[in-house]
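Accompanying notes for the structure given below.
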Amino acid sequence: MYVCNSNMELKKKILVIINPISGAAHRDYMPEIVNRNLDSERFDVYVRFTQGPGHATEMAKKAIEHQFDGVIAIGGDGTINETASALINSPTALGIVPCGSGNGLARHLGIPLIPERALKIINDWHTDSLDYCTVNDIPFFCTCGVGFDATVSEKFAAAKRRGPISYAKNAIIEYLNYRSQEYVIKTHDSDIAVKAFVIACGNASQYGNNAYIAPRASMQDGLIDVTIIRPFNPIETPIIGIQLFTRQIDKNTNIQSFRTRELTISRPKAAIMHVDGEPLMMEADLHIKCHPSGINIITPAKESNSIFEPIESGFYDFLNAIRAEFDL
């Protein structure tokens, strides 16, 4: 007779999706790191590599069909967006091992940039039900935006090398020639006509690399944090840059910010925007909406108290920047 032991916990079934050309994930040893750090007594682990754009979404959808408990995305914000887009409104949880150039969502959630430490968080299996957003029904989880940052994302995507050094180079070149655009922003209670350098919509607080474009944003409030940067004098550029990286940009007099559940941004014509850092050609009118508690994400059970972790993460950032710049 078969007797069920109620004290035995069934293993969770998880799919690990690796983008092989994303930062530190571009190594043959990543599957070994996964298998060495995930608890084999708790998880049945299936490792797969992406083979091109959209493949992560396809694999994550199949994981839901086969009742996987979680899908772990190893890569940059683009890989995470593709994976997460398949998991919205499903019981399957998203795990994140950040290996990209910006890692905005992971940084917002406090997930370590060192793969071994990020994988240890998966072992703890602490999940939160968090918000996601859509722009014209396309999901995003960190930020989307129009204006200068969208233009830079387009140039960055076409660059031969990825990483903060390449991003900074493209930003400087584009800044010298960029001209602010006219927009109309509509919410449930107001219409705003504005000439803007950037309009950013944040579900999370930052673009990546600790650039806090929406420093007060929460993924559990059901709201979008909208940041409008109006045209500014070049002399003010260093101040805005410092405030961007010190969570103080919303205190700048050139900045207008507000929160809303949804909004529409209208432009004179269709143009590029960025969605979680990826450039997309989109219609002139952009309808942006927050969907509360729409995705389950594995997050740190508690904040790290280690005084060494910021130093280690900074060093890891530096190594990844060098790898990206010299294609190591």
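The values are calculated or read from the model by the stated rules, or taken from the named source; none is laboratory data. Everything numeric here is computed off the predicted structure, so don't read it as measured data. Cβ placement follows ideal geometry from the backbone for every residue including glycine, while neighbour counts extend to all protein chains displayed. With ligands, DNA and RNA removed, areas are computed over all heavy atoms of the protein, side chains included. Shrake-Rupley method; radii C 1.70, N 1.55, O 1.52, S 1.80 Å.
As an exercise: evaluate residue 300 against (1) in contact with a strand residue (DSSP E or B) (Cβ under 9 Å, 6 or more places away or on another chain); (2) at pLDDT 95 or above and give the number of the one condition it does not meet.
Among (1) in contact with a strand residue (DSSP E or B) (Cβ under 9 Å, 6 or more places away or on another chain); (2) at pLDDT 95 or above, the lone unmet condition for residue 300 is (1).
For the structure I just gave you, tell me whether residue 45 is more than 22 Å from residue 132 (Cα to Cα) and touching a residue at least 40 places away in the same chain (Cβ under 8 Å).
no
The conditions are (1) modelled with pLDDT of 95 or more; (2) over 25 Å from residue 278 (Cβ atoms); (3) open to solvent by less than 70 Å² (accessible area, probe 1.4 Å), and residue 237 fails exactly one of them. Which is it?
(1)
Under the condition of being out of contact with any His (no Cβ under 9 Å at 6 or more places or on another chain) and assigned to a strand (DSSP E or B), which residue from the stretch 247-272 is nearest to residue 230 (Cα to Cα)?
The selected residue is 255.
So residue 212 passes all but one of these: (1) within 25 Å of residue 285 (Cα to Cα); (2) among the aromatic types (Phe, Trp, Tyr); (3) at pLDDT 95 or above. Which condition number does it fail?
With respect to (1) within 25 Å of residue 285 (Cα to Cα); (2) among the aromatic types (Phe, Trp, Tyr); (3) at pLDDT 95 or above, residue 212 is out only on (1).
Anything in the stretch 188-214 that is among the hydroxyl-bearing types (Ser, Thr, Tyr), under 28 Å from residue 78 (Cα atoms) and in contact with a Phe, Trp or Tyr (Cβ under 9 Å, 6 or more places away or on another chain)? List them, or say none.
Once the filter is applied, which keeps residues that are among the hydroxyl-bearing types (Ser, Thr, Tyr), under 28 Å from residue 78 (Cα atoms) and in contact with a Phe, Trp or Tyr (Cβ under 9 Å, 6 or more places away or on another chain), the stretch 188-214 yields 205, 212.
If the Cβ limit is 6 Å and pairs must be 6+ apart or interchain, which residue in the stretch 134-148 that is under 16 Å from residue 217 (Cβ atoms) pairs with which residue that is of a type in the set (Asp, Glu) and open to solvent by 10 Å² or more (accessible area, probe 1.4 Å)?
Hits for this filter: 140/276; 142/276.
Taking into account only those residues within the stretch 11-63 that are of a type in the set (S, T, N, Q) and open to solvent by less than 50 Å² (accessible area, probe 1.4 Å), which is farthest from residue 119 (Cα to Cα)?
That would be 57.
For the stretch 240-263, give me the residue count where each residue is β-branched (Val, Ile, Thr), surrounded by fewer than 16 Cβ atoms within 10 Å (Cβ to Cβ) and more than 20 Å from the chain's Cα centre (by Cα).
2
Filter the stretch 130-156 for residues that are of a type in the set (S, T, N, Q) and touching a Gly at 6+ places or on another chain (Cβ under 8 Å); which is surrounded by the most Cβ atoms within 10 Å (Cβ to Cβ)?
143
For residue 219, which of the numbered conditions (1) at pLDDT below 95; (2) under 22 Å from residue 105 (Cβ atoms) fails to hold?
Status for residue 219: all satisfied but (1).
Could you look through the stretch 79-99, keep only residues that are β-branched (Val, Ile, Thr) and under 19 Å from residue 69 (Cβ atoms), and pick out the one that is surrounded by the fewest Cβ atoms within 10 Å (Cβ to Cβ)?
88
Among the residues of the stretch 184-203, write down those that are part of a strand (DSSP E or B) and either farther than 11 Å from residue 227 by Cβ or open to solvent by 90 Å² or more (accessible area, probe 1.4 Å) (or both).
184, 185, 186, 191, 192, 193, 194, 195
Suppose we keep only residues that are within 21 Å of residue 39 (Cβ to Cβ) and touching a Leu at 6+ places or on another chain (Cβ under 9 Å) within the stretch 100-119. Which one would you say is most open to solvent (accessible area, probe 1.4 Å)?
Restricting to residues being within 21 Å of residue 39 (Cβ to Cβ) and touching a Leu at 6+ places or on another chain (Cβ under 9 Å), the top hit is 109.
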